[in-house]
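Have a look at the structure below, then the notes.
The values are calculated or read from the model by the stated rules, or taken from the named source; none is laboratory data. Computed from a predicted model, the values in this text were never measured in an experiment. Every residue, glycine as well, gets a Cβ built from its backbone with ideal geometry; the counts of neighbours run over all protein chains shown. SASA here: full protein model, heavy atoms, side chains in, ligands and nucleic acids out. Shrake-Rupley method; radii C 1.70, N 1.55, O 1.52, S 1.80 Å.
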Amino acid sequence: MKLQSVFRLVPVLLWLSLVPFRPLAAQYYSQGPGRITLDNGVVHRSLDLGENGDRLTTLSYGLKGLEDEFVRPGGQEFGFLADGHAMNGLGGWKITSVDRAADSLGGDGVRLTYKSASTAKARLHLEVTYLLYPELPVVRKHLSLVNLGQEKVRLEAVDVEVLRSAWEDTDCWIMSDFARHKWLGPFVGNWNDPLAVVHMIGRRQGLALGNEAPSVTKRTGAFEDGSTFSVGLTRPDQDYPFLAWLKPGEKWESPWVFSLPYAGQSDPAAVVNGPVADFVRRHMGIRLAQLDRKPMFVYNTWNPFRTQVNEALVNELAEAAAACGAQEFVIDDGWQANKGDWEIDYQKFPHGLKPVFDHIRSLGMKPGLWISLTEAETKSKVYAAHPEWFCRDKAGRVANIHSSDPNTATACLGTDWYGHIRDVILGLVRDHGLGYVKLDLSLTRSAYVYDKTRTGCYATDHPFHDGREESFLVAYRRCMQLFDELHAAAPDLFIDCTFETWGPLQQVDYALVRHAEGDWLINVYEKSPLGSLRVRNLAWWRTPSMPATALVVGNLTLDDPERELNLLSLAGTLPIMLGDPRKVPPESRARLKAWADWLQAMQDKYNYTLYRSDLPGFGEPAEGQWDGWQRINTDTRAGGIVGVFRQAGLDSERMVGVSGLDPAATYSVRRGPAGEELTRMSGADLAAKGFRVSLPDTYGAVLFEIQRVQ
């Protein structure tokens, strides 16, 4: 097999690797005649292999100690089209091995290996892997395929998970759109559904369905035929269809998906705040969980300076931002001579970037830059030298996917542009000490171009894809591989992958947060209190199914008169502020820095940035209401922080409860940033009774420390 063929569809460091057998505390599967039982003491799933090992389907799926079944037997288990021929788990296979599988994050389970029957149109080697995790009701699943034939195989419509529901659609809510909003009846999810929850109302139980495919390639379905759940990749009739060509001997691997049954809950949000968030934080391998020191307060130059940055301005802004407590300083667009070559504009920075970066570091901040991951100007040297590296439209012309600007073009990550942009970024790390990179603009689909035909790359001669349909998943996988290579060479580099790069408006998903630390999620330009409300509303919408600190929400400003409300609102995500910090009065700078220091102290105590859940009794942030969040370390239960906001709510006081604490322990409630104590209560009383919060201002905000003292 040619090396290029392997790397074409299975990028290095991309998907969670399975390691050889090693002794573990528990083995989560057992084998009997024609059966495999998955069981970690919390969840169980029974697989039927058929009398002759010619099938694979789920017989039983549920929670230990609960008789209720969550699925009916006879489901397809998986499905895909191979050269147009439908293949699934109901037949046409011959099992060849059953092996233990594990990952490096606590997962343990089984790998089932099959060959397709000789009568099948495409001869394939299939591996189906199931992983379970300690103390959680999660089953994670993955497919891999090898072409055993002599001709290439067209692979489409991959469903990694296919289950038959035990419930009727009329009895269920489908929590869609980041599992936040109700849907009734047949459902087909899109890029906004990395997590969907099917909630059986009357039985107070349900099934969470997680899809780890990137951006517009994901598809999750429920009750499309009245009974089936499916999780996988887009189909040929969709706007962004998945396609892969498997050459003879070539291997292709699916994204991971997961399912999580639950019971005893009237509110499906409880499972998202609880076991789903626990699984993502502990076992998915998100980048934030791998950082020893997480960013707490970032400043960015984009608003209001746009591209009008220079050495003198940046040095002034850096001094003012540091006085406000910023820990990262990002120079946005405008530092470069052109997009594409990414050389320094020496008219703006006559001494280069190194002395500017040195000055930023001397102020205690990490320096960062904005770079477009794939955009190049047609006047750039790289464009002139390598026009073959750029996306093509359906007429074969060089394409600009992001906008209608005729002077720029979109590079294709399915070419050697990949190595060019990698070397540019690593050169800036090596030569200038770059510590934070904001990677921007469209990769396969623009958030602002609504013509579906102006997406993907139509080129049929690019090394890693053959045509538009194959380009979507290839581009995202190469993007994630690039992030992994950057981290391997520069482990402390913070990668902020913007929603514009990832695709649709405000897009974030599990694939992104596994390979990048952050996602610039939106551009909010309204002054507060409307701007701060928008930030909190978006954060509520995307969390808790997404890690909150991965959400980089711009563009609230330091020079807004409501700057403190801005910062406190942003503390529910990753605080990033813009504006002109030189305009912030000295007393306000000191106040902001006190908050920034307090947030860092809270992080040092509780590691709260890996946690966020809904504040009990508070709903979606909206005008005329109160809203809030809690960022409590539910693993140690030592404490964390709570944010409470009055958005013109009629009441000036509210009772605030806190969940996730040790019921028997005593906790001190202290108001930030000064730390004055309001009360001491047990964890049980904080959950059941709460404490009183008074906000006399119509638009008010307060953050509290919750500290275990006994």
query = Of His359, His465, which has the most accessible area with a 1.4 Å probe, and how do the rest follow in descending order?
reply = His359, His465
key: Net charge dipole size for region 398-531 [Lys, Arg +1 and Asp, Glu -1 on Cβ; Debye, nearest 20]   = 200 debye
message = Restricting the calculation to Cα positions, tell me the Rg (one decimal) and the Dmax (whole number) of region 455-614 in Å.
response = 18.4, 61
task = Identify, among Pro186, Gln347, Asn273, the residue whose Cα sits farthest towards the positive end of the charge dipole of the chain, taking +1 on the Cβ of Lys and Arg and -1 on the Cβ of Asp and Glu, with the dipole about the Cα centre.
result = Asn273
message = Rolling a 1.4 angstrom probe over the protein chains, ignoring ligands and nucleic acids, what is the accessible area of Asp237 in square angstrom, nearest 10?
response = 130 Å²
query = Relative to the Cα centre, what is the charge dipole magnitude of the chain, using +1 at the beta carbon of each Lys and Arg, -1 at the beta carbon of each Asp and Glu, and rounding to the nearest 20 debye?
reply = 800 debye
key: Long-range amide H partners of Ser682 with built H, under 5 Å   = Tyr667
request  = Report the far tail of the P(r) of the chain, meaning the percent of Cα-Cα pairs longer than 45 Å.
outcome  = 22 percent
task = Tabulate in residue order the Karplus-calculated ³J(HN,Hα) for region 53-61, using 6.51 cos²θ - 1.76 cosθ + 1.60 with θ = phi - 60°, rounded to whole Hz; enter x for Gly and Pro.
result = x, 10, 8, 7, 8, 8, 8, 8, 8
ask   = Put +1 on the Cβ of every Lys and Arg and -1 on every Asp and Glu Cβ in region 170-261; which of Gly221, Trp252, Pro236 then has its Cα farthest towards the positive end of the dipole?
value = Gly221
ask   = To the nearest whole percent, what portion of all C-alpha pairs in region 134-240 is separated by more than 18 angstrom?
value = 51 percent
inquiry  = Taking 0.36 nm per residue of sequence separation and subtracting the Cα-Cα distance, how much length would be gained by fully extending the chain between Gln710 and Ser652, in nm to one decimal?
reply    = 17.7 nm
ask   = So what does His125 come to for accessible area, using a 1.4 Å probe and Å² rounded to 10?
value = 40 Å²
ask   = Normalised by the number of residues in the chain, what is the relative contact order in percent for Cα pairs under 8 Å and 6+ residues apart?
value = 9 percent
note = Rounded to the nearest 500, the 222 nm mean residue ellipticity computed for the chain from DSSP H runs (n ≥ 4, each -39500 (n - 2.57)) alone is -6000 deg cm²/dmol
inquiry  = Need the C-alpha centroid separation for region 521-592 versus region 397-437, integer Å.
reply    = 29 Å
note = Hydrodynamic calc, region 122-180: Kirkwood Rh from Cα pairs, then Stokes-Einstein at 37 °C with viscosity 0.692 mPa s, so D in µm² s⁻¹ is 215 µm²/s
key: About the Cα centre, charge dipole magnitude for region 154-310 (Lys/Arg +1, Asp/Glu -1 at Cβ), debye   = 700 debye
request  = Quick one: what are the phi-derived ³J(HN,Hα) couplings along region 162-174, Karplus 6.51/-1.76/1.60 with θ = phi - 60°, whole Hz, x for glycine and proline?
outcome  = 9, 10, 9, 6, 8, 10, 8, 5, 5, 9, 10, 8, 10
key: Note, ³J(HN,Hα) from phi for region 647-652, Karplus 6.51, -1.76, 1.60, rounded to Hz, x at Gly and Pro   = 10, 6, x, 5, 7, 9
ask   = Considering amide H positions built from the backbone, and no H for Pro or chain starts, which residues 5 or more places from Gln625, or on another chain, come under 5 Å of its amide H?
value = Gln647, Gly649
inquiry  = I'd like the projected area of region 396-462, averaged over all directions, using the convex hull of its alpha carbons. Report it in nm² with one decimal.
reply    = 5.5 nm²
ask   = For the cross-link pairs Lys527/Lys593; Lys152/Lys379; Lys115/Lys141, which exceed 28 Å when the distance is taken from alpha carbon to alpha carbon?
value = Lys152/Lys379
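Rounded to the nearest 0.05, what FRET efficiency is calculated for Lys583 and Ile201 with R0 set to 60 Å and r the Cβ-Cβ distance?
Using R0 = 60 Å, I get an efficiency of 0.70.
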query = Between Gln600 and Asp239, what length comes free when the chain is fully extended (0.36 nm per residue of separation minus the Cα-Cα distance, one decimal in nm)?
reply = 125.6 nm
request  = List every residue whose amide H lies under 5 Å from the amide H of Thr460, counting only residues 5 or more places away in sequence or on a different chain, with H placed 1.01 Å from N in the peptide plane.
outcome  = Gly467
ask   = With every protein chain left in place, what is the accessible area of Met602 in Å² (1.4 Å probe, nearest 10)?
value = 10 Å²
